[in-house]
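Some notes on the structure that comes next.
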Amino acid sequence: MSGLAVRAAAAVRSPEGRAPEDRPAALDYFRDLLTPFGEKPDEELLNAGAHVQHRDLVDLLVADEGVGRSRPELLVVTHALPDVVPFTAVAPHMTDRLGGRAANFAIAQQGLAAPFTALRIASAYHRAGRAAEVVIAVLEQTTLPTPFPLVQDTPLIDSAAALVLGAGAGTDAEDGLRFVRAHSAASAAEALGADALGRDLGEDGTLLVLGPWVTGDVPESPAVHRVAPGSYCTSLWLELADHWQEWRENHRRIVLCDTDPRSGRSHVALFARGEG
């Protein structure tokens, strides 16, 4: 069975905010959540946020024609930061918007590793014959009940990306950009080494896409694209959603790499045109 290839993608950046909803219920929830840890919600900080909910981000992604016409058998929602109002099951909501038949779940509390985990799961489902089409959504909202340095100091924007992945057959550019592998290592240099990637990064036709959190030396590549700061877990996927067709035409391999600033671990995903 051939691997999963990118069929469509969408990106959302800095959508319009909304007035706070369910404020008393949300504050009660955050008080119950934080009190055992000796903290309380910062009402001023909470009220100052844009209050873009995960559901809002999903609805904007689905409004994209390429994503909206997908009818996946598997749908995975990923995020590194929690929803501002955690009262909506977002993966089932997105599934309902895309035909209602996908097995669905969310991956959280892995930092920016979550989308990489989702790709490995999607590939395993596909190889097992359980999903010919997959949608992966990466969500990031920045209205939080307590200060969080990544959000305030960077600063981060509300953003989201979605990938539609489908079965590929053949080896030419028309077959799309296929997911090959994803892995992690203690550093970007180690994650991008030939032993980890299975090939030398310096080979012709390779584009290295470095997320905003990658620091230190990395192996040389003939072409490098650096992602600007402004997002935590969505950065690479926003760029892939914007540029995957252009990159597919101009490069044989796309290597995405970012380093989680909280754990220090680096994560890599390899996509390739006409390769298994």
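How much net charge surrounds Leu210 when only other residues with a Cβ under 9 Å from its Cβ are counted (Lys, Arg +1; Asp, Glu -1)? Once positives and negatives cancel, what remains is 0.
Electrostatic bookkeeping for Asp64 treats Lys and Arg as +1 and Asp and Glu as -1; over the other residues with beta carbon under 15 Å from its beta carbon, the sum is +1. To the nearest ten degrees, helix 114-127 and the longest principal axis of the Cα atoms of the chain are 50 degrees apart. The sum of -39500 (n - 2.57) across all DSSP H runs of n ≥ 4, divided by the residue count of the chain, sets its helix-only mean residue ellipticity at 222 nm to -8000 deg cm²/dmol.
Working from label points 7 Å from Cα in the Cα-to-Cβ sense, the Asp217 to Asp242 distance is 3.0 nm. Within the shell defined by Cβ-Cβ distances under 14 Å, the residues around Pro222 carry a net charge of -1, with Lys and Arg each +1 and Asp and Glu each -1.
Accessible surface for the range 12-137, divided over its residues, is 49 Å² per residue with a 1.4 Å probe.
Label-to-label distance for Asn250 and Arg101 is 3.9 nm, based on points extended 7 Å past Cα in the beta-carbon direction. Using a 1.4 angstrom probe on heavy atoms only, work out the carbon and sulfur share of the accessible area of the chain in %. For the chain, the apolar C and S fraction of the accessible surface comes to 47 percent. The smallest convex shape that holds all Cα atoms of the range 47-117, its convex hull, gives 97 Å³ per residue. Across all directions, the average flat footprint of the convex hull enclosing the Cα atoms of the chain is 14.4 nm². Between the range 1-77 and the range 254-272, what is the separation of their alpha carbon centroids in Å? Taking the Cα centre of the range 254-272 as reference, the centre of the range 1-77 is 23 Å away.
The values are calculated or read from the model by the stated rules, or taken from the named source; none is laboratory data. This one's a predicted model, so the numbers in the text were calculated from it and none came from an experiment. Reconstructed Cβ throughout: ideal geometry from the backbone, glycine too, with neighbour counts over all protein chains shown. Calculation scope for accessible area: heavy atoms of the full protein, side chains included, ligands and nucleic acids excluded. Shrake-Rupley method; radii C 1.70, N 1.55, O 1.52, S 1.80 Å.
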